[in-house]
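Structure, as structure tokens:
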Amino acid sequence: METHRDYTGSKIGMWLFLLSEILLFGGLFLLYSTYRYKYSFDFHLAAGELDRILGTLNTLILITSSLTMALSISSIQKGDRKLSSLFLISTILFGVLFLVIKSFEWTAKIHHDIYPNSPRLLGRSPGEVLFYGLYYSMTGLHGLHVLVGVFVLSVVLVFMMKGKINTDHFVLLENSGLYWHLVDIIWIFLFPLFYLIT
Amino acid sequence: MEENKFHILKYRIYILVWVGLVMLTGITVSAAGLNLGRLSVAVVLTIAGLKSGLVLNYFMHLKYERRLWLFKLMIPGIIILLILFIGLTFFDVALR
């Protein structure tokens with residue numbers, strides 16, 4: 001019996017999931033906008049302590065990983081499974097690189113005793129406490145999404161090597177690509193709001 | 001197979017989109033250096049919106065989804081929803 005496949009249905013399912021993810025982060029962005037409005041100066045002060053260079057680097061890394069993801073899908077459509085897996089591996093490596101840099105940023109802050117509920121942080125003004133709370137929650141939730149994405153893409157890579165994903169059936173690759181692009185888009189908004197506000 | 005019936009994008013288009021994204025990143029970082037005060041949030045969000053538009057339309061293929069208008073409507077719909085949420089919240093927060 002042939003497996004039932006529904007290409008359009010699969011993509012609709014993924015898009016619906018992405019919409020729910022947008023609402024999830026949307027709630028946090030709502031918090032951010034409210035507290036930013038209330039404590040603009042404190043946010044400006046605290047944001048200055050974040051490493052803009054690392055933030056920009058991470059942005060470029062994710063943008064490039066989106067490129068390699070798109071190229072991976074394009075190449076499998078054209079029948080080149082080998083090239084497709086190479087692009088997929090690059091995407092995964094970029095994702096890991098992003099997480100490594102993020103961990104450097106976090107450990108640096110934690111080393112300076114700035115983390116949720118640390119005495120040092122609590123001694124600062126309320127706006128700054130809120131900024132860091134939002135910083136850790138939002139980049140943390142985003143980082144978790146990147147980590148999950150790396151796992152999912154690795155599983156997809158295994159499927160590709162086994163031939164389950166090929167020129168005729170690649171909706172799994174496309175859907176994980178959609179997820180990955182969303183993670184990129186979320187960072188595209190997180191980056192300026194945390195690192196670049198003046 | 002349905003999957004074969006759609007538009008295969010050339011590699012070149014993806015690379016051009018990537019160049020555009022990198023340039024917009026550069027612009028947004030430079031814009032942050034200028035002292036625009038209140039306007040800075042609007043500028044930075046607009047550029048972020050442009051970048052997302054590029055990712056959505058080209059990398060995520062929305063521009064080439066002919067089959068279902070549903071896909072093309074979902075994203076503007078959710079954006080309007082978020083603007084509503086944040087906007088309506090500000091009716092409260094801004095007037096306290």
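The values are calculated or read from the model by the stated rules, or taken from the named source; none is laboratory data. Remember, predicted model here, so these are calculated numbers, not experimental data. Please note: Cβ atoms are built from the backbone with ideal geometry, for glycine as well, and neighbour counts cover all protein chains shown.
Brief remarks follow.
A quick yes/no check of all residues on (1) buried (at least 19 other Cβ atoms within 10 Å of the Cβ); (2) under 20 Å from A:Leu190 (Cβ atoms); (3) modelled with pLDDT under 95:
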residue: A:Phe25; (1), (2), (3): yes, yes, no
residue: A:Lys38; (1), (2), (3): no, yes, yes
residue: A:Ala47; (1), (2), (3): yes, yes, yes
residue: A:Asp51; (1), (2), (3): no, yes, yes
residue: A:Leu60; (1), (2), (3): no, yes, no
residue: A:Phe87; (1), (2), (3): yes, no, no
residue: A:Val100; (1), (2), (3): no, yes, no
residue: A:Ser103; (1), (2), (3): no, yes, no
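- B:Ile86 vs. criteria of a type in the set (A, V, I, L, M), without any contact (Cβ under 8 Å) to a residue 24 or more places away in the chain and at the interface with another protein chain (Cβ under 9 Å from one of its Cβ atoms): yes
- Scope the stretch A:139-179; condition outside any helix (DSSP H, G or I) and surrounded by 20 or more Cβ atoms within 10 Å (Cβ to Cβ); matching residues: A:Ile165, A:Phe170
- Verdict on B:His7 being more than 7 Å from every other protein chain (Cβ to nearest Cβ), without any contact (Cβ under 8 Å) to a residue 60 or more places away in the chain, within 19 Å of A:Ala70 (Cα to Cα) and touching a Phe, Trp or Tyr at 6+ places or on another chain (Cβ under 8 Å): yes
- Qualifying residues in the stretch A:62-94 (those that are more than 11 Å from every other protein chain (Cβ to nearest Cβ) and touching a residue at least 40 places away in the same chain (Cβ under 8 Å)) - the one farthest from A:Tyr179 (Cα to Cα): A:Arg81
- Of the criteria (1) under 22 Å from A:Tyr35 (Cβ atoms); (2) at pLDDT 90 or above; (3) more than 14 Å from chain B (Cβ to nearest Cβ), which one A:Leu147 fails: (1)
- Filtered residue count, the stretch B:35-52, keeping only those that are more than 7 Å from chain A (Cβ to nearest Cβ) and either of a type in the set (Ser, Thr, Tyr) or buried (at least 21 other Cβ atoms within 10 Å of the Cβ) (or both): 1
- The set of residues from the stretch B:58-80 being at the interface with chain A (Cβ under 7 Å from one of its Cβ atoms), farther than 15 Å from B:Ile13 by Cβ and of a type in the set (Phe, Trp, Tyr) comprises just one member, B:Phe71.
- Selection status of B:Val55, touching a residue at least 12 places away in the same chain (Cβ under 8 Å), within 30 Å of A:Asp168 (Cα to Cα) and more than 7 Å from chain A (Cβ to nearest Cβ): no
- Scanning the stretch A:1-42 for residues that are in a helix (DSSP H, G or I), more than 9 Å from every other protein chain (Cβ to nearest Cβ) and among the aliphatic types (A, V, I, L, M) yields A:Met14, A:Leu24, A:Leu28, A:Leu31.
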